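Here the structure is laid out as structure tokens; the discussion comes afterwards.
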Amino acid sequence: MRKIGIILLASLIWLINVPLYATQDFAAYQYYKEVKVEGDGFALVSLDAEVLERTRDDLADIRLSNPAGEEIPYQLTPYSLPQDVFIDAEIIDQMTNDGEQFLTLDMQRSGQLHNKIVLNIESKSDFYCELQIESSNDDQSWNLVTRDKIFSVQPNYHKNEITYPVSSSRYLRLNIIVASGTEVVVNGARVGFISAFSSPAQELQGSVLSQEDDRQTGKSLIIFDMGVKGYYVDNIELKINGRNYQRMTTVYSSNDREDWRLVSTSKQIYHFKWSDYEALQNRIMLNEKADRYLKLEIENGSSPPLQVDGVLVNGSVPRLLADLSEGTYRLWYANPQAPRPEYDLAGFAHLIDERVLSTIDPGRGGTNPDYQAPSLPWTERNPWILNVVVIMAVLILGVTIIRKANTPGD
């Protein structure tokens, strides 16, 4: 009796925890769109507003199938690239002459790709300097790489990072033109490579929904509506009529304009301009997969509100990177119970230069004719079974204890 009870209890527990279905096909996806492919190889499939509107917030309920109905791996882009690698370059041949500072950076060997320098600069005052960078493999013959500017204005306005076309030279020579009466000392430099395989940001659709200045709180509030969720926002660019200002900003994101989540804080915008000096920063960098609405707060304090004549949101439309062949594929979406896909493509997608790939816009589609709403597990549809199991477990345990207590010799 005791063994039978234990076996019965174990069987009931197993019944509760094992799902009654083992596989899931595309019938659980409510909508589809046709994707017509004209060539072979990697391509990008754009996700339009209709897909973004109906898919889940995490975009994980999307599947791609080939003409044979087989699931095709994909990688959602833009994606997070591996962490950029920088090295500490050795500073050699550093000297100053008539307001110009020269220094050479040695990367120890040729062949390393690099396209960015981060300078460690020491200065006791604000500065604004012209900068020229040259490259060489032998420290003898030099080629011009780029011209740029570096500056610093207290308390937190500075530019000490320079990007330039990809180079593999061992040496970089910097010529910094320092204004009279200003002392600028470069104590160190880090040189690295930033992947540029992702497509550049473009202006996204949308419009300013509301714009108001609250003089009591000293804040300007701007709400921008992108129409749908899911866009990757690289930056917000403000068109401001005016000069000589510096303000702190905060950015929030929401799908309903009620529950706002913090996206960015303490990012500064500024425009300094006088006789021989100008510095402008009206872009707020985000690098964020945003909700439908963006709310921008500008801290004015006691200063008059800025005249914001326009707001541009720049970023990328989500796309699927996939290895495709000629034929008509199907894009499936809208399945609340779909697990997040895990394809091995995620491990090497960053090596593929998507800038040279063709982009395919989804064609016609509609409601999946085979759609079947995903059913809840049997135990969730029959919650009473848990009560039965608990009662049976108590009864079996009670009978076992009573029988054991009445057994002679115990």
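What follows is calculated from the coordinates using simple rules that are stated; it is not laboratory data. None of these values were measured; they are calculated from a predicted model. With ideal geometry, Cβ positions are generated from the backbone for all residues, glycine too; neighbour counts draw on all protein chains shown.
Here are the numbers for this structure:
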{"read-out": "Antiparallel %, DSSP beta bridges [both residues in the chain], to 5", "value": "100"}
{"read-out": "Long-range HN-HN contacts of ASN287 with modeled amide H, under 5 Å", "value": "ASP234, ASN235"}
{"read-out": "Cα-centred dipole magnitude for the range 142-255, charges only on beta-carbon of K, R (+1) and D, E (-1), debye, nearest 20", "value": "440"}
{"read-out": "Rounded to whole Hz, the Karplus (6.51, -1.76, 1.60) HN-Hα couplings of the range 241-251, x for glycine and proline", "value": "8, x, 8, 6, 9, 8, 9, 8, 10, 9, 10"}
{"read-out": "Exceeding the 31 Å Cα-Cα cut-off - candidates LYS124/LYS219; LYS159/LYS239; LYS229/LYS273", "value": "LYS124/LYS219; LYS229/LYS273"}
{"read-out": "5 angstrom amide H check on LYS267, placed H, neighbours 5+ away", "value": "THR249"}
{"read-out": "Electrostatic dipole magnitude of the chain [Cβ: Lys, Arg +1; Asp, Glu -1; Cα centre; debye, to 20]", "value": "1640"}
{"read-out": "Label-to-label distance, nm, for residues given as GLU258 and ASP214 (7 Å Cα→Cβ offset)", "value": "1.9"}
{"read-out": "Linear extension gain, ILE91 paired with GLN108, 0.36 nm per residue minus alpha-carbon span", "value": "5.0 nm"}
{"read-out": "Where trypsin sites (Lys or Arg not before Pro) fall in DSSP loop in the range 161-223, at most 11 other Cβ within 10 Å", "value": "ARG215"}
{"read-out": "Which of LEU105, ASN160, GLN202, positive extreme of dipole for the chain (C-beta unit charges)", "value": "GLN202"}
{"read-out": "Relative contact order for the range 85-193, counting Cα pairs under 8 Å that sit 6 or more residues apart, in percent", "value": "43"}
{"read-out": "Whole-Hz couplings from phi, Karplus 6.51/-1.76/1.60, listed for the range 208-220; x for Gly and Pro", "value": "6, 8, 7, 8, 8, 10, 9, 6, 5, 8, x, 10, 10"}
{"read-out": "Matching label, volume of the Cα convex hull per residue in Å³ computed from the structure shown, candidates [x] 278; [y] 185; [z] 169", "value": "[x]"}
{"read-out": "On Cα atoms only, tilt of 384-406 relative to the major axis of the chain in degrees", "value": "60"}
{"read-out": "Ratio of Rg to Rh over the range 205-316 (Cα coordinates, Kirkwood Rh, two decimals)", "value": "0.97"}
{"read-out": "Other-chain or far-sequence residues with amide H under 5 Å of ASN300's (modelled H)", "value": "LYS219, SER220"}
{"read-out": "Nearest-0.05 FRET efficiency for SER141 and SER180, computed from C-beta distance (R0 35 Å)", "value": "0.65"}
{"read-out": "Top positive-direction residue, dipole computed over the range 186-267 with Cβ charges, set ALA189, SER264, GLN246", "value": "ALA189"}
{"read-out": "Inter-label distance for THR359 and GLU53, nm, one decimal - labels placed 7 Å from Cα along Cα-to-Cβ", "value": "2.0"}
{"read-out": "Phi-based couplings in Hz for the range 141-148 (Karplus 6.51, -1.76, 1.60; Gly and Pro marked x)", "value": "9, 10, 10, 5, 9, 6, 10, 8"}
